[in-house]
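Data first, discussion second: the structure below is written as structure tokens.
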Amino acid sequence: MTQFTRGTLLVAAVMLLAGTPAHAQIVNGSFESNYAGWTFVEDPAQPPCNGTWGIATTGSTLSGGLVFDFHNGPAEGCTQNSPGLPITFTATDGNKLAFQLQNGIQFDRIYQDIAVGAGSTLHWDMQYLNHAAGFDPANQYLAVRIRDSVSDAILEDLFITNPGAPQSNADHPLLTHFSKDLAAYAGRTVRLSVDIQVGLGFLDAQFDNFRLAQNNTCTPPSIASVTATPSVIWPPNHKVVPVTVSVDASAVCGPPVCRIVSIMSDDVRIVGALTAEIRAEREGGEFHGRTYTITVECTDTAGNATRKDTQVFVPHDRRKQDRHEHDRHEHDRR
């Protein structure tokens, strides 16, 4: 079995968006099981595991782990080896991403032809990190491109790594959202292509949630509810209490990503996307206790955002705690 000794490139996961007949269906874009609808290119031809296309379950990009090669066939299991591994990631669509492991100097890509409707925007989430020293775009780059569906000529680079530009996305190792207006190609069938050239060293990247959407269809996310647990803190003993927020949200261009953006107090600390630490203080609340207002923001793949608040209450005395609990249960029962 071939070991990866030069380069590992984790590539792409994309999401299927059902649209109008004028719009492309990005076939099996979520890569939850295979590469149906996509065409592979590896040039020049190399031994198995030089260019390995696989599917990863969330968090499975571990150094030394084996992956199945969808391009070369079921007999191939290829070892992951890169200075960028392990990478722990959270998929934005399903729980799997497609990736490409590249060992040796080679140009690899996947592509499919898409019909672009009027007012369409391509959306995708991407993570990448270039480990090469002396980066040269002629020898090593990552690009998302539009090509001519007949001649395969490059029409536009929607994204490409370049010298002088950051060699990782701003949120690395998290997935960052990208989008590009494709109105210039309305009414045409063009080729969506993810191109990878590795020649100097390691380049790690992964993608999720590619979708082609009408510009006017991406309405802001809808937040049905935001709930803090616990919603009442007792006793007010000045200790720090962990609080978890649950969000019920949906989006036309989703799935939405939700996080705490603010808490109205100095006695708090946001420790995760939907977790915080709140001090059990009642001072400043006069005789009623103290209310902490937590604001959550949910963002869709088009960048639209919606906010909603929830509250955590530290009562002044036990009777107010009991009354608050009674009112909350009555509200939930309705």
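The values are calculated or read from the model by the stated rules, or taken from the named source; none is laboratory data. Being a predicted model, the structure only gives us computed values, none of them experimental. Cβ atoms come from the backbone with ideal geometry, glycine included; neighbour counts cover every protein chain shown.
A few comments on the model shown:
- Yes/no for Pro236 being in contact with a Ser or Thr (Cβ under 9 Å, 6 or more places away or on another chain), of a type outside the set (Val, Ile, Thr) and part of a loop (DSSP other than H, G, I, E, B): no
- Within the span defined as segment 300-307, one or more residues are closer than 30 Å to Thr217 by Cβ, at pLDDT 80 or above and in a loop (DSSP other than H, G, I, E, B).
- Residues being farther than 15 Å from Asp125 by Cβ and buried (at least 21 other Cβ atoms within 10 Å of the Cβ) - total across segment 194-203: 5
- Exclusive hit being within 23 Å of the chain's Cα centre (by Cα), modelled with pLDDT under 80 and outside the structural domain of Ser120 (by TED's automatic domain parsing), set Asn34, Asn28: Asn28
- Taking the numbered list (1) within 26 Å of Leu175 (Cβ to Cβ); (2) modelled with pLDDT under 95 in turn, Thr244 passes all entries but (2).
- The residues on offer are Asp208, Asp267, and the sole one that is touching a Lys or Arg at 6+ places or on another chain (Cβ under 6 Å) and either touching a residue at least 60 places away in the same chain (Cβ under 8 Å) or surrounded by 15 or more Cβ atoms within 10 Å (Cβ to Cβ) (or both) is Asp267.
- Enumeration of residues in segment 125-147 that are under 19 Å from Phe40 (Cβ atoms) and either of a type outside the set (Val, Ile, Thr) or not assigned by TED's automatic domain parsing to the domain that holds Leu175 (or both): Tyr141, Leu142, Ala143, Arg145, Arg147
- Filter result for Ala132 (in a loop (DSSP other than H, G, I, E, B), touching a residue at least 60 places away in the same chain (Cβ under 8 Å) and among the hydrophobic types (A, V, I, L, M, F, W, C)): yes
- Extreme residue, nearest to Val271 (Cα to Cα), among residues of segment 228-246 that are of a type in the set (Val, Ile, Thr) and surrounded by 15 or more Cβ atoms within 10 Å (Cβ to Cβ): Val243
- Taking segment 137-159 as the range and being surrounded by fewer than 18 Cβ atoms within 10 Å (Cβ to Cβ) and either touching a Gly at 6+ places or on another chain (Cβ under 7 Å) or closer than 14 Å to Phe107 by Cβ (or both) as the test, the residues that pass are Pro137, Ala138, Asn139, Asp152, Ile154.
- Entirely in segment 177-232, the strands (runs of 3 or more DSSP E) that have 1 or more residues that are at positive phi and not assigned by TED's automatic domain parsing to the domain that holds Gly303: 203-214
- Qualifying residue in segment 10-20 (condition: surrounded by 15 or more Cβ atoms within 10 Å (Cβ to Cβ), among the hydrophobic types (A, V, I, L, M, F, W, C), within 30 Å of Gly119 (Cα to Cα) and at pLDDT 70 or above): no
- Subset tally (residues that are surrounded by fewer than 19 Cβ atoms within 10 Å (Cβ to Cβ) and among the small types (Gly, Ala, Ser)) for segment 92-114: 2
- First in segment 236-247 and of a type in the set (A, V, I, L, M), second anywhere and part of a loop (DSSP other than H, G, I, E, B), Cβ under 8 Å, 6 or more apart: Val240/Ala280; Val241/Pro230; Val241/Ile233; Val241/Ala280; Val243/Pro230; Val245/Leu274; Val247/Leu274
- Ala249 among the small types (Gly, Ala, Ser), crowded, with 18+ Cβ neighbours inside 10 Å and part of a strand (DSSP E or B): yes
Yes/no per residue for (1) in contact with an Asp or Glu (Cβ under 9 Å, 6 or more places away or on another chain); (2) modelled with pLDDT of 80 or more; (3) of a type in the set (S, T, N, Q):
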{"residue": "Asp267", "(1), (2), (3)": "yes, yes, no"}
{"residue": "Glu281", "(1), (2), (3)": "yes, yes, no"}
{"residue": "Phe287", "(1), (2), (3)": "yes, no, no"}
{"residue": "Tyr292", "(1), (2), (3)": "yes, yes, no"}
{"residue": "Glu297", "(1), (2), (3)": "no, yes, no"}
{"residue": "Asp317", "(1), (2), (3)": "no, no, no"}
{"residue": "Arg323", "(1), (2), (3)": "no, no, no"}
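- Restricting segment 142-169 to residues that are assigned to a loop (DSSP other than H, G, I, E, B) and farther than 21 Å from Gln206 by Cα, the residue that is nearest to the chain's Cα centre (by Cα): Gly164
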